[in-house]
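Asker: Quick one: the structure is below, and I'll ask about it shortly.
The values are calculated or read from the model by the stated rules, or taken from the named source; none is laboratory data. What you see is a predicted model; the values in this text were computed from it and never measured. Because the Cβ atoms are built from the backbone with ideal geometry, glycine has one as well, and the counts that use them run over all protein chains shown. Areas reflect the complete protein model, heavy atoms only, side chains present, ligands, DNA and RNA absent. Shrake-Rupley method; radii C 1.70, N 1.55, O 1.52, S 1.80 Å.
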Amino acid sequence: FDKARMRSKSQLMRLDLTRLPFRRTLSVVALFDVLEHLPDDCGVLASISDTLVDGGWLVLTVPRDPKLWSNTDAFVCHVRRYADAELREKLSSAGFDIEYFTPFMTVMRLLVPLSRKTNAAQQNEKLDRERALAHFQNELRIRPIINPILDAVLGLEAHWIRNRKTLPTGTSLL
């Protein structure tokens, strides 16, 4: 937090997302890959709902599909991955009207299971911090041959999302 404060001219605050000090004052709240780290996701969503003005927006991304859970999720301190119906229910229960909901990172939905199968032995054991870091770095390693292909496919996906198309699958939800 202190490093971020030194690098920013914006006002930064450290807050408990379940007890936000704002009521009906914010137009937009954005949580990009945050909610899955929080034990009380329902409390956080309810608190955020209370901060938004009428017609306000929550823009949210989370990891999708509990079946994709791996040591990488544990390493980055995820509490959960979301099933589509689970996230829809939690958003509705917190008072949100869902205007757009789609999986994304479609091509990764095909690649992640392959990557994790090659590391299947590691998926079934608890890893010490050093081995978990090595596994995490391997999973996120840049692969020069594949990256231009991924860039092109994800660019097309971004175009579909800008036009509010619903994608068929993905490793994340928007």
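Asker: Rounded if a/c is under 1.5, else prolate if a/b is larger than b/c, else oblate: which is the chain, with a ≥ b ≥ c the root eigenvalues of its Cα gyration tensor?
Answerer: prolate
Asker: Placing +1 on the Cβ of each Lys and Arg and -1 on the Cβ of each Asp and Glu in the chain, which of Ala134, Met13, Thr169 has its Cα farthest towards the positive end of the resulting dipole?
Answerer: Most positive-ward Cα: Ala134.
Asker: Where does the longest stretch of the chain lie that holds no GluC sites (Glu not before Pro) found in a DSSP loop with 13 or fewer other Cβ atoms within 10 Å?
Answerer: The longest such stretch corresponds to 1-98.
Asker: Related question: Among 158-167, 51-60, 68-77, what's the highest-first ranking by average C-beta atoms within 10 angstrom per residue?
Answerer: Per-residue mean Cβ counts within 10 Å order the peptides as 68-77, 51-60, 158-167.
Asker: Please work out the average accessible area per residue across the chain, using the 1.4 Å probe convention, and give it in Å².
Answerer: Details: 11220 Å² over 174 residues.
I get 65 Å² per residue for the chain.
Asker: Select from Leu17, Leu45, Leu111 the residue whose mean-square fluctuation is largest in a Gaussian network model of the chain (Cα-Cα springs shorter than 10 Å).
Answerer: Leu111
Asker: Per DSSP H run of at least 4 residues, take -39500 (n - 2.57); add these up for the chain, divide by its residues and hand me the 222 nm value, nearest 500 deg cm²/dmol.
Answerer: -12500 deg cm²/dmol
Asker: Mind checking the angle between helix 147-162 and the chain's longest principal axis? C-alpha axes, 0 to 90 degrees, to the nearest 10.
Answerer: Helix 147-162 and the main axis of the chain meet at about 30 degrees.
Asker: Now for a separate question. Please compute the length gained on full extension between Ser93 and Arg143, using 0.36 nm multiplied by the number of residues separating them and subtracting their Cα-Cα distance.
Answerer: 13.9 nm
Asker: For the chain, what proportion of DSSP beta bridges, expressed in % and rounded to the nearest 5, is antiparallel?
Answerer: The antiparallel fraction comes to roughly 35 percent.
Asker: Could you tell me which of rounded, prolate or oblate describes the range 1-73, using a ≥ b ≥ c as the square roots of the eigenvalues of the alpha-carbon gyration tensor, with rounded for a/c under 1.5 and, failing that, prolate when a/b is larger than b/c and oblate otherwise?
Answerer: Here the range 1-73 falls in the oblate category.
Asker: Next question. Which distance in nm do the two modelled labels at Leu114 and Ser8 give, with both placed 7 Å along the Cα-to-Cβ direction?
Answerer: 3.8
Asker: Accessible area of the chain with a 1.4 Å probe: how many percent of it is carbon plus sulfur?
Answerer: On the way: 6480 of 11220 Å².
After summing per-atom areas, the C and S share lands at 58 percent.
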